[in-house]
Amino acid sequence: MKKKNRRTLSLNFKRTLLVLSGFIWISMIQGQFAENPDSLTITRNLLQQGEFHRAYHVIKLYARDHPDDFNTIWLYAYTSYFVRHFNESDQLYRKAMSAAPANYYLKLDYARMLVNIGYYNQARPLLQSYLSYNPLNGLALITLSRLDYHEVKYNDALSTLNKISAKSDEFQFVNQVKQDIKLARSPWISARVGYETDNQPLKGYFPEIRAGWSLHPFATIDLTVQT
């Protein structure tokens with residue numbers, strides 16, 4: 001019974017978090033497709049349709065001819081995650097970061113990928129950097145609360161969730177996440193929950209793919225030089 005309850009908790013927690021606002025990425029690049037509207041747009045559309053392997057094939061071929069294009073690198077990194085090429089995704093995100101180290105939206109996107117694959121030590125400084133720029137961003141706060149949850153810092157996770165504005169897209173999920181965290185603190189669950197990692201892509205955490213949402217109006221490549 002305990003094993004079943006742990007599994008149910010893990011699934012419920014992830015299912016709740018996976019449908020949270022991930023509006024950052026796709027429209028960050030939207031409007032920037034003038035170089036090659038076909039390849040980048042086709043990749044994006046395939047991602048929205050859940051055709052991850054086809055999307056990966058398209059962007060991989062295109063990246064061979066455009067290895068230094070920032071938008072291509074970012075899209076390639078993002079797509080690689082969904083076909084479980086986690087090391088490749090990480091390397092490509094690093095390359096994108098080298099090309100645009102001051103891009104806060106890239107930092108947040110990279111951070112949520114790192115949290116999803118369990119690279120918590122790498123994710124935290126990126127989240128802290130983004131939150132220094134926008135301390136009330138709901139997606140950043142949700143991602144930080146997930147990180148704290150996985151590191152068994154439940155008080156910190158709950159404190160972070162309390163900062164999410166009622167006007168935020170993520171607010172509708174806050175109470176459910178709080179309940180999951182409180183349940184995780186029960187003695188028979190908390191003994192192991194911090195040590196369980198899932199190497200599967202969190203397929204529901206990206207509504208920008210599932211619903212084809214457009215980007216946040218401020219999430220543009222023009223902000224790459226912000227300090």
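Condition first: under 22 Å from residue 165 (Cβ atoms) and crowded, with 16+ Cβ neighbours inside 10 Å. Can you find one or more residues in segment 78-100 that meet it?
Within segment 78-100, not a single residue is under 22 Å from residue 165 (Cβ atoms) and crowded, with 16+ Cβ neighbours inside 10 Å.
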Going residue by residue through segment 44-51, is there one that turns out to be in contact with a Ser or Thr (Cβ under 6 Å, 6 or more places away or on another chain) and either part of a helix (DSSP H, G or I) or in the same structural domain as residue 134 (by TED's automatic domain parsing) (or both)? no
Residue count, segment 76-117 (criterion: under 13 Å from the mean Cα position of the chain (by Cα), among the charged types (D, E, K, R) and not assigned by TED's automatic domain parsing to the domain that holds residue 145): 1
Does segment 57-87 hold any residues that are over 29 Å from residue 138 (Cβ atoms) and either of a type in the set (Asp, Glu) or part of a helix (DSSP H, G or I) (or both), and which are they? 57, 58, 60, 61, 62, 63, 64, 65, 68, 69, 87
Residues of segment 35-64 satisfying the condition of being among the acidic types (Asp, Glu) and either surrounded by 15 or more Cβ atoms within 10 Å (Cβ to Cβ) or more than 17 Å from residue 99 (Cβ to Cβ) (or both): 38, 51
Pairs where the first residue, in segment 174-186, is closer than 17 Å to residue 139 by Cβ and the second is modelled with pLDDT under 80, C-beta under 7 Å, 6+ apart: 176/16; 177/16; 177/17
Which members of segment 154-171 meet the condition of being surrounded by 15 or more Cβ atoms within 10 Å (Cβ to Cβ) and either over 20 Å from residue 108 (Cβ atoms) or outside the structural domain of residue 128 (by TED's automatic domain parsing) (or both)? 154, 158
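The values are calculated or read from the model by the stated rules, or taken from the named source; none is laboratory data. From a predicted model like this one, the values you see are computed outputs, not experimental measurements. Positions of Cβ are backbone-derived with ideal geometry, glycine not excepted, and every protein chain shown enters the neighbour counts.
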